1. What are the residues in the range 558-589 that are more than 19 Å from Arg531 (Cβ to Cβ) and crowded, with 20+ Cβ neighbours inside 10 Å, if any?
2. Do you know which of the residues in the range 540-557 that are in a loop (DSSP other than H, G, I, E, B) and in contact with an Asp or Glu (Cβ under 7 Å, 6 or more places away or on another chain) is least open to solvent (accessible area, probe 1.4 Å)?
3. Within the bounds of the range 248-265, is there any residue that is among the acidic types (Asp, Glu) and closer than 24 Å to Leu55 by Cα?
4. In the range 762-784, what residues are open to solvent by less than 50 Å² (accessible area, probe 1.4 Å) and modelled with pLDDT under 80?
5. So, in the range 235-268, exactly how many residues are closer than 30 Å to Leu346 by Cα and either surrounded by fewer than 17 Cβ atoms within 10 Å (Cβ to Cβ) or in contact with a Cys (Cβ under 8 Å, 6 or more places away or on another chain) (or both)?
6. Which condition from (1) assigned to a helix (DSSP H, G or I); (2) touching a residue at least 40 places away in the same chain (Cβ under 8 Å); (3) out of contact with any Gly (no Cβ under 9 Å at 6 or more places or on another chain); (4) open to solvent by 50 Å² or more (accessible area, probe 1.4 Å) is the one that Ile319 breaks?
7. Being under 25 Å from Ile708 (Cα atoms) and either open to solvent by less than 40 Å² (accessible area, probe 1.4 Å) or not in a helix (DSSP H, G or I) (or both) narrows it down to one of Leu276, Leu332, Leu324, Leu380, so name that one.
Amino acid sequence: MESHLDGLARDFRYAFRSLGKDSRFSLIAIIALALGVGASTIVFSVVYNVFFHSLPYKNFDRSVVAVLHDLTDGNNSKDRRYFNAEEVRAFREQNDVFEDVIGYARMRPTYDDGKSVRYFSFGAVVTANTFDYLGVPALLGRMISEEDGRPEAAPVFVMNYRLWQREFGGDPRIVGTVFVLNGRPTTLIGIMPSRFNAFDANFWLPATREYDRLQMAGRLKRGVSLTTAGANLNSIAHRLHKPNPNGIFPEEKFAIVPQTMLDSLIGDFRKTLYALLVAVFLLLMIACSNVSNLLLARATTRERELAIRAALGATRGRIVRQLLVESFVLALAAAGAGCALAYFGLKLVVALIPAGALPDETVIGMNGPVLLAALGVTILTAIFCGLAPALHVVRGDLQPHFSGSGKGATLGLRQGILRGGLAIGEIALSIVLLVGAGLLMRSFLTLTHVDLGFDPKNVLYFELNLPPTYNTDVAGSLQKKNALTRRILDRLRGLPGVTSAAELSLPPPLKYESSDTIIPGMPHTERWETRFEMCSEGYFRTLGLPLVRGRFFSENDVEAARNVAVINEAFARQYFAGEDPLGHRFKLQYLDSAFLDAPHDTYFEIIGIVRDYKTRGYDDPSWQAFPQAFIPYSVAGFSWRTFMARTTVDPSSLLRNMGQEVRELDPGVQISASGTLETSLQDFYRGPQFQLVTLASFAAIGLVLVVIGIFSVMAYSVSLQTREIGIRMALGAQQSNILRLVLFIGFRLVASGILAGLLVNYAVTRFLVSEIPGVSVTDPWTLSVVVAVVLFVGLAACSLPARRAATFDPLVAIRYE
């Protein structure tokens, strides 16, 4: 055992000396591997912290949320995530798959601080077992317990760390303070740790009564799959199904589909992470192939040295071990450089992750498991990089290498099949990365340069929170909200730099309300879905939507809350093909919902048609013109109000003073959100931008490694064939002949790699960009550009060895060994 350790130590000392002598080779190999290891460490840091350490809650990997898919008319885009009290109780009492079940609902209570009554921060009502279910102890005070959920219990609540710091300066004495929430004295009993932000809430109240709109989550029993859980919940729901508006599970056709809590929070970002895993694996393979090629070329030039060592008694296993030790030393050095690269690169990647893509609880950083994974990658790369060159060198009889004849005798790839194969593999893998990045680029340009149908520049918006006084008087609440809206619009129009202003439900084009549509006398079997906006008469001028036919609704129409509507061209095309829609009436079924303060069973007369503007789709998230309808805001007393204004000045300068303008009209009114349409679009583009930047970075690194790989193969091929080149030149070959010959060999190498890459690309790239709209995996422009780029850089990498070969002195070359 001791002799083996001594031998291994000598191998390491020799490896350090040998690599130190060939510093240029060592530096190139370390840089190549460091790029692969660094990129892998960055991606694994993100993946590990998202998939395995994303939420700090007990057994969160077994927590699932229940979602009801409404399958009526084949439509599965209508998800119901809320359940009434009877439905939740049925799931809790009758299921066979959960250890425990909790319910929760976001809410925003009023807060009376003794000076005024206003809305508090967003919180959640939770069943009393929620904190035991989540299993995170309080930072200060205590958590909500089962006793706090009893009807006779004193009202209490728990606050999160963020709200505690932001609003109360982190004062620990605040625990035990009584807050008046929704008119009830409620005691703050605890502060939760910084990573506890369950249900995207800032505080939590125990549910002391049954709520009609609760989301439900449950912890699966060990060994129970999502499929089994779904079948169990479906059997419960369909057994209790009562098809009437007030029944339990009233939908005509539905399915209960559980999804993991993590999936419900990160959504499609999971697919982005999978794509990055595939991309970084390809990049690591390119780096390993590159270093293997360098080691193989270096080992080939050391054949005489290795033959002498064999003659002196070194076994083939001993020689293989020595070469593996050298590759391991390179890999260790690369791992250190790669981890340093990952430390700084990870900060950039985290900054690029779009807001809202990950839960607030997720903290991404380099930690123990990530560093262990980096070490594992290092060991694997060392074996991968060193094993093939080592076995290649010691195969066959080592005796001929004493004479130097082992350097080969013919120009081309016959003596370098393995080196050429590795280079072809590098090129093929880089083709896949480059095509994926190219398709993402095409998609991103299509996404960001589409004609939306209006100009989002210099348009501001802000959303209001109306104080409780606007909802206490049911009979007069609609008139009160409408009067405030008119006063705000008048104030907006009077501001310097504002050219037009409007009220609306949700700011376009990313947000919208939708409804099933009924048109008398026009039966249909498919679902007619209309996206609608409740707005003021200035909406069309503010967005710049031109009138096609008819008229806009007027200020009088809005003031009188007339049941009139303006539709877009898509509405007219889809529902009135070949007919004149003006004068027809339609109904938006969404307005019949019992929980809305809206006109039920009301039909709106079409008075005008405007040009389309584009919004996002459900299944195909590309920009499209959907049927849209616009009705006066005054017909419904929605609890939310949004305002929009077009300006001739920087809209952000007006937004800074907008809160004061609103408070002057009513001190109890607050702005809950604000921004510009242009900024909201830029924020939306951060998701595709993150995919593009990360994949394009990997592709660029891969292309650099390909250049290094091709150059090394051609340089060593030329050096090994120096004597043959000298003979050719002595027999009359011109420099141009040698140049063309070497370039042709390089061209065959690059062309083979391109062909292999295109064959592999089709299936792999389909996965990488399967969720990216607006492009095809066989897009000819992208493929043409990628092939041209790889061909150009490949021949450029061959040009220097080719020029060197063409300038050999024939006499010196003939004597070369």
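The values are calculated or read from the model by the stated rules, or taken from the named source; none is laboratory data. All values derive from a computational prediction rather than experimental measurement. For neighbour counting, all protein chains shown are included, and Cβ atoms are generated from backbone atoms with ideal geometry for every residue, glycine included. Protein only, heavy atoms only, side chains kept; ligands, DNA and RNA dropped before computing areas. Shrake-Rupley method; radii C 1.70, N 1.55, O 1.52, S 1.80 Å.
1. If the condition is that a residue be more than 19 Å from Arg531 (Cβ to Cβ) and crowded, with 20+ Cβ neighbours inside 10 Å, then Val558 is the only one that fits.
2. Of everything passing the filter in the range 540-557, Phe553 is least open to solvent (accessible area, probe 1.4 Å).
3. Looking through the range 248-265, at least one residue is among the acidic types (Asp, Glu) and closer than 24 Å to Leu55 by Cα.
4. Of everything in the range 762-784, those that are open to solvent by less than 50 Å² (accessible area, probe 1.4 Å) and modelled with pLDDT under 80 turn out to be Val764, Thr765, Leu768, Val769, Ile772, Pro773, Val775, Val777, Asp779.
5. Count: 4.
6. (4)
7. Going through Leu276, Leu332, Leu324, Leu380 in turn, the sole match is Leu276.
So that you can scan it fast, the table gives a plain yes or no per residue for (1) open to solvent by less than 60 Å² (accessible area, probe 1.4 Å); (2) assigned to a loop (DSSP other than H, G, I, E, B); (3) at pLDDT below 85; (4) of a type in the set (D, E, K, R):
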{"residue": "Ser477", "(1), (2), (3), (4)": "yes, no, yes, no"}
{"residue": "Lys480", "(1), (2), (3), (4)": "no, no, yes, yes"}
{"residue": "Arg486", "(1), (2), (3), (4)": "yes, no, no, yes"}
{"residue": "Arg491", "(1), (2), (3), (4)": "no, no, no, yes"}
{"residue": "Leu495", "(1), (2), (3), (4)": "yes, yes, no, no"}
{"residue": "Ala502", "(1), (2), (3), (4)": "yes, no, no, no"}
{"residue": "Arg527", "(1), (2), (3), (4)": "yes, yes, yes, yes"}
